[in-house]
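Notes follow once the structure below has been shown.
A short reminder: the numbers here are calculations on the coordinates, not readings from a lab. No experiment lies behind these values; they were computed from the predicted model shown. Neighbour counts run over all protein chains shown; Cβ positions are idealised from the backbone, glycine included.
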Amino acid sequence: MPPFDVPEGDPFGPHNLPYGVFSPPGSSERTVGVRLGDHVLDAGAAAHALGSPYASLLARPTLNPLLAAGRTAWSDVRRALTAWVTVPAHRETVEPLFHPLSEVTLHLPFEVADYVDFYASENHARNVGRIFRPDAADSLTPNWKHLPIGYHGRSGTVVVSGADVVRPSGQRKAPADAAPVFGPSVRLDIEAEVGFVVGVPSERGRPVPLGDFRDHVFGLCLLNDWSARDVQAWEYVPLGPFLGKSFATSVSAWITPLDALDEARVAPPERTHELLPYLDDAGEEPGGYDLRITVTINGHTVSEPPFSTMYWTAAQQLAHMTVNGASLRTGDLYGSGTVSGPAERERGSLLELTWNGRDPLELPDGKRTFLEDGDVVTLSAWAPGPDGVRVGLGEVTGRVVPAV
């Protein structure tokens, strides 16, 4: 099928146009691409052929120059791309610049500067509290509804969808063990998340207010925060996640611009505590996103977490991340935290789905409490778009391989 002839209702139609970085068949050169259906448009070549003033931003081996260009450039480029793939007058020029998606090599779409991960789902936080603090009067920690809890992760181990994940080794100590032992993690888990990609940097010492979210954040992607629960449990007191998280974080090869998700904006859940002014979004545009996520293990659906239930929004997370004067850099990535809904089949981690291993999942290829070598985990998602069409998010896939 010719690249322009996208079937009606295709979630990657011209209403979407996510950005990635690819190498054409037979080449190692990287360049910015835009997905249309099951094809990839060489955006830099199209911009050059059509005389776009933004050709220099698109004919690059990474999205970072486009990310840094700012909101006006983002909107201008998106309008131009929409015209290039929909206006018949451009067809003869643009059609030869498409490549079948199945024939290209996809790469990490941007150079990751800093990586921060949050803990923004009340359902997830309450489940974790009930698992590890069953006798507590409140399953949430006292600070949870007053600020978005997070930790600073390792940007150098963010990998693109399709990259294998080596089972990590580390120290672990079960409650009954006399001393810690070292070896491969036996409680390897996933966390279904959404990642937000920062474009425009900020000045150190100047917090970013809620209303400036869309001036700094370019788009979003699916994210899998792989977690070694046994390593994490032994190391995280008193400073938090470290080696149990830093071995790998997988992201989609496609970044969906925020402008493609206007129809998916929703209000977050009702606040039950008064927020400090820098986090109070009562007068702001709806900060939530209605994203429908599906988690599969070896092709079998195990969960469908709804992102619309997230208590803390991406704008609040950005405001909190910078309120102390910390600066943003182009390519910063921050994760939403595990997405979990109220129902059992809406939990975004195996920790919750199996209740810390107590209730194994029944899969066609055997039971699972945590991941086994060879397991393939895939996150996919869609959001409501214009006129009832779906906006597809690029999937995230990773295969677990044995520890080295």
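Using Cβ counts within 10 Å as a stand-in for footprinting exposure, how do MET310, MET321 rank, fewest first?
Details: MET310 31, MET321 21.
Arranged by neighbour count, lowest to highest, MET310, MET321 become MET321, MET310.
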DSSP beta bridges in segment 115-401: the antiparallel percent, rounded to 5, is 85
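Rounding to the nearest 20 debye, state how big the charge dipole of the chain is about its Cα centre with +1 on each Lys and Arg Cβ and -1 on each Asp and Glu Cβ.
Values: 32 positive and 50 negative charges, 174 e Å.
With only Lys, Arg, Asp and Glu charged at Cβ, the dipole is about 840 debye.
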Likely footprinting exposure, ILE131, ILE297, fewest C-beta neighbours within 10 Å first: ILE131, ILE297
With an 8 Å Cα cut-off and a minimum separation of 6 or more residues, compute the relative contact order for the chain in percent. 21
Can you give me the distance in nm between label points at VAL376 and VAL87, each placed 7 Å from the Cα along the Cα-to-Cβ direction? 4.1
DSSP loop trypsin sites (Lys or Arg not before Pro) in segment 309-379 with at most 13 other Cβ atoms within 10 Å of their Cβ, which ones? ARG358
Could you rank the peptides 201-210, 137-146 by their average count of other C-beta atoms within 10 Å per residue, with the highest value first? 201-210, 137-146
Taking all pairs of distinct alpha-carbon atoms in segment 307-404, Kirkwood radius in angstrom: 16.8
Jot down the radius of gyration and Dmax of segment 19-107, Cα atoms only, both in angstrom. 12.2, 35
Selection of GluC sites (Glu not before Pro), segment 29-103, meeting DSSP coil and at most 14 other Cβ within 10 Å: GLU29
Against the longest alpha carbon principal axis of the chain, how many degrees, from 0 to 90 and to the nearest 10, is the axis of helix 71-86 turned? 60
